[in-house]
Amino acid sequence: MPEKILVVDDTAVNVKLLADLLAVKGYAVVTAASGPEALAAVEKEQPDLVLLDVMMPGMSGYDVCRKLRASAATAVLPVVMVTALDPVQERVKGIEAGADDFLSKPINQPELLARVKSLLRIKLLHDELAEWNRTLEQRVEQQLAQLDRLERLKRFFSPQLAELIVSGDAEDPLKSHRREIVVVFLDLRGFTAFAETAEPEEVMGVLREYHAAMGQAIVKHEGTLERFTGDGMMIFFNDPLPVPDAAERAVRMALAMRERVDDLLVRWRKRGYDLDFGVGIAQGYATIGAIGFEGRMDYGAIGTVTNMAARLCGEARPRQILVSQRVLGAVEALVEAEELGGLTLKGFSRPVPAYNVLRLREG
């Protein structure tokens with residue numbers, strides 16, 4: 001699309017001369033015979049450059065230029081002042097009025113075309129920069145909105161799941177799917193009795209400390225918090241983001257949690273709170289996806305593996321981390337563990353081999 005040039009002059013011969021010259025060079029030309037016509041033409045036609053005669057009745061070219069510069073829409077519109085008066089004095093007035101360039105009559109055609117071409121090139125660069133800034137502002141606004149949405153989603157979902165939902169990089173992560181995961185159940189021993197006898201403020205204080213400590217370990221090891229109910233929590237690994245070392249992450253997280261709870265127990269026991277900590281870990285396939293109803297959704301896992309982890313947690317004595325045989329097989333080179341034999345777990349027809357993880361191996 002050709003650049004559009006507005007030619008403004010109260011002398012028809014001058015207008016025709018300039019219009020013909022510019023049209024031959026491929027420019028689209030619109031004309032005006034006075035200052036008010038020029039302002040109206042600028043608003044309607046939105047030219048890329050204005051050739052503006054200085055001496056016109058009623059409103060001079062300087063007045064028109066000042067009006068253009070006063071408007072945000074035309075503040076950088078290229079304006080070339082054209083006059084037959086003293087070039088030195090008129091150039092100073094033109095610059096003060098906001099003109100970009102100056103031509104003396106009679107017009108030197110090569111000079112005119114060179115100045116027009118130069119100013120149009122500058123305008124094109126300015127327009128490209130303005131468009132880049134505009135799109136940059138849009139991108140920044142979109143990213144800020146995305147970050148805000150991400151932070152709100154993180155209140156309900158794990159950081160990994162929240163990022164997948166916001167980015168849209170993967171198939172809908174909330175859609176039901178089946179995957180092998182490692183599930184970790186943990187809870188505080190003695191919490192029910194404690195909650196029955198302690199003041200509500202004490203109970204909430206313990207939960208805040210406990211959740212904060214466990215939450216740090218979950219985030220560090222990139223686990224997905226499925227839910228927490230008072231003193232109980234369920235975390236799983238290998239979904240929504242697959243990881244090659246799900247069992248190792250789960251066991252390392254559980255050991256880190258036990259260390260943090262050990263620190264908490266020192267404080268709690270000084271306050272007279274008789275609490276302790278147990279963990280169960282199992283590995284297997286589960287169906288995973290959004291669970292709930294419109295207005296309140298959770299991201300959950302359903303399957304035998306979740307039941308096994310919960311039952312192992314229920315069987316764990318204070319400070320024990322009980323793992324299934326599959327989990328131990330994945331981490332036995334990393335940990336020291338003791339065999340507990342087959343445990344009779346509710347919901348399982350056969351005894352389930354279980355192992356108590358004692359510590360990480362040295363080195």
For region 51-62, how many residues meet the condition of being within 48 Å of the chain's Cα centre (by Cα) and acidic (Asp, Glu)? 0
Within region 109-165, considering residues that are in a loop (DSSP other than H, G, I, E, B) and of a type outside the set (D, E, K, R), the one modelled with the highest pLDDT: Ser158
Give all pairs with beta carbons closer than 7 Å in which a residue from region 35-56 that is surrounded by fewer than 23 Cβ atoms within 10 Å (Cβ to Cβ) meets a residue that is of a type in the set (Lys, Arg) and assigned to a helix (DSSP H, G or I); count only pairs at least 6 apart in sequence or on separate chains. Leu39/Lys67; Asp48/Lys123
Can you pull out the residues in region 316-347 that are over 22 Å from Ala246 (Cβ atoms) and not in a strand (DSSP E or B)? Arg317, Pro318, Arg319, Thr344, Lys346, Gly347
Kindly state which helices (runs of 4 or more DSSP H) lie completely within region 27-108 and contain at least 1 residues that are at pLDDT below 85. 87-97
Near pairs, Cβ below 6 angstrom, 6+ apart or cross-chain, from region 209-230 (closer than 25 Å to Tyr273 by Cα) to any residue that is of a type outside the set (Ser, Thr, Tyr) and assigned to a helix (DSSP H, G or I): Glu209/Leu264; Ala213/Arg260; Met214/Met257; Ala217/Met253; Ala217/Ala256; Ala217/Met257
Here is a list of conditions, (1) in contact with a Gly (Cβ under 8 Å, 6 or more places away or on another chain); (2) in a helix (DSSP H, G or I); (3) under 26 Å from Gln216 (Cβ atoms); (4) not acidic (Asp, Glu), and Met308 meets all of them except one; can you say which number that is? (3)
Those residues of region 255-275 that are over 31 Å from the mean Cα position of the chain (by Cα) and either closer than 27 Å to Ala330 by Cβ or polar (S, T, N, Q) (or both) come to a total of 6
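The values are calculated or read from the model by the stated rules, or taken from the named source; none is laboratory data. Please read these numbers as outputs of a predicted model, since none were measured by experiment. Neighbour counts run over all protein chains shown; Cβ positions are idealised from the backbone, glycine included.
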